[in-house]
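The next block holds one structure in the form of structure tokens; read it before the comments.
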Amino acid sequence: MTLKIAPSILSADFARLGEEVRAIDEAGCDWVHIDVMDGHFVPNITIGPAVVKALRPHSKKVFDVHLMIDPVDPYIEDFVKAGSDIITVHAEAGRHLDRTLQLIRSFGVKAGVSLNPATPETAIEYVLDKLDLVLVMSVNPGFGGQSFLESQVEKISRIRRMIGDRPIELQVDGGVTPDNAGRIAAAGASVVVAGSAVFKGGDYAGNIAALKKASTAA
Ligand code: DX5
Ligand code: ZN
């Protein structure tokens, strides 16, 4: 199966973010992945709802917003109003995952849960009916450009089995390259996030095509 590609704009030129979003759109990305960090849940600070809102007119593609923030509930509505299509929260953040997922869906947007590398897949066992996406972190969240953690391949397979025939996307984020995209697809992922692998060298279309090709070959 060919993976959908969601370039992470964390690796884009932040001084030209609007242009960068248009460029990955024209280069054939499927979704636009937006990494939101608060300097508390993760050791880095990135962007907030005002930036998401400013980027919205630059692409009609799915805005896939990955919230690495704690607390998360007070900010959901702001990210919805900013134009998010999918909002993904961390199972390790907040205290009431089920409630947070209901809150996201109450605004008519899709709800995702992300699992850190050390978090077992059982964390989502009782919320599968409230999920549109599961995000397996294949690096510890906080920074782009880290190496893929092989331990996560087994977790991807296990989650694929848990999902069964439910209409839930299985996304993998962190250290994805053409070298590992085939194994990630074979384990059952449907969409990968790629920051460095898309933005490196400036040939966004070529980089996206290389990731797609590697996943199709699996
Ligand atoms: C990490 C972010 C990722 C990251 C991916 O916390 O969630 O989206 O930017 O970057 P690469 O592909 O460079 O690992
Ligand atoms: Zn991310």
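The values are calculated or read from the model by the stated rules, or taken from the named source; none is laboratory data. Because the structure is a prediction, the values reported are computed rather than measured. Note that we place each Cβ from the backbone using ideal geometry, even for glycine, and neighbour counts take in every protein chain shown. Ligands, DNA and RNA are excluded from the accessible area calculation, which covers all protein heavy atoms including side chains. Shrake-Rupley method; radii C 1.70, N 1.55, O 1.52, S 1.80 Å.
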(request) Lys and Arg at +1, Asp and Glu at -1: add these up for the other residues within a Cβ distance under 13 Å of residue 181 and post the number. (result) +2
(request) Report the normalised scattering of segment 129-215 as log10 I(q)/I(0) at q = 0.12, 0.23, 0.24 Å⁻¹, calculated by the Debye formula with identical scatterers on the alpha carbons. (result) -0.35, -1.12, -1.18
(message) Regarding segment 4-216, what's the average projected area of the Cα-atom convex hull, expressed in nm²?
(response) 10.4 nm²
(request) Quick one: which residues, 5 or more positions from residue 69 or on another chain, have an amide H under 5 Å from its amide H? H modelled 1.01 Å from N in the peptide plane, none for Pro or chain starts. (result) 90
(message) I need the P(r) histogram for segment 20-131: all alpha carbon pairs, bin width 5 Å from 0 out to the longest distance, whole percents.
(response) 2, 12, 23, 23, 19, 13, 6, 1
(request) Using a 1.4 Å probe over the heavy atoms of the protein chains, calculate the carbon and sulfur portion of the accessible area of segment 1-80 as a whole percent. (result) 54 percent
(request) Count the lysine pairs in the chain whose Cα atoms lie under 17 Å apart, taking only pairs 8 or more positions apart in sequence or on different chains. (result) 14
(request) Round to the nearest 10 and report in Å² the accessible area of residue 143, as given by a 1.4 Å probe over the protein chains' heavy atoms. (result) 100 Å²
(message) Looking only at segment 4-216, where both bridge partners belong to it, what percent of the DSSP beta bridges are antiparallel (to the nearest 5)?
(response) 5 percent
(request) Using just the helices of the chain, give the 222 nm mean residue ellipticity in deg cm²/dmol: DSSP H runs with n ≥ 4 each add -39,500 (n - 2.57), and the total is spread over all residues, rounded to 500. (result) -9000 deg cm²/dmol
(message) Heavy atoms only, 1.4 Å probe, whole protein assembly: order 161, 16 by accessible area, highest first.
(response) 161, 16
(request) Using a 1.4 angstrom probe on heavy atoms only, work out the carbon and sulfur share of the accessible area of segment 137-203 in %. (result) 49 percent
(request) On the full set of protein chains, 1.4 Å probe, figure out the accessible area of residue 98 and give it in Å² to the nearest 10. (result) 50 Å²
(request) Determine the per residue accessible area of the chain with all protein chains present and a 1.4 angstrom probe, expressed in square angstrom. (result) 43 Å²
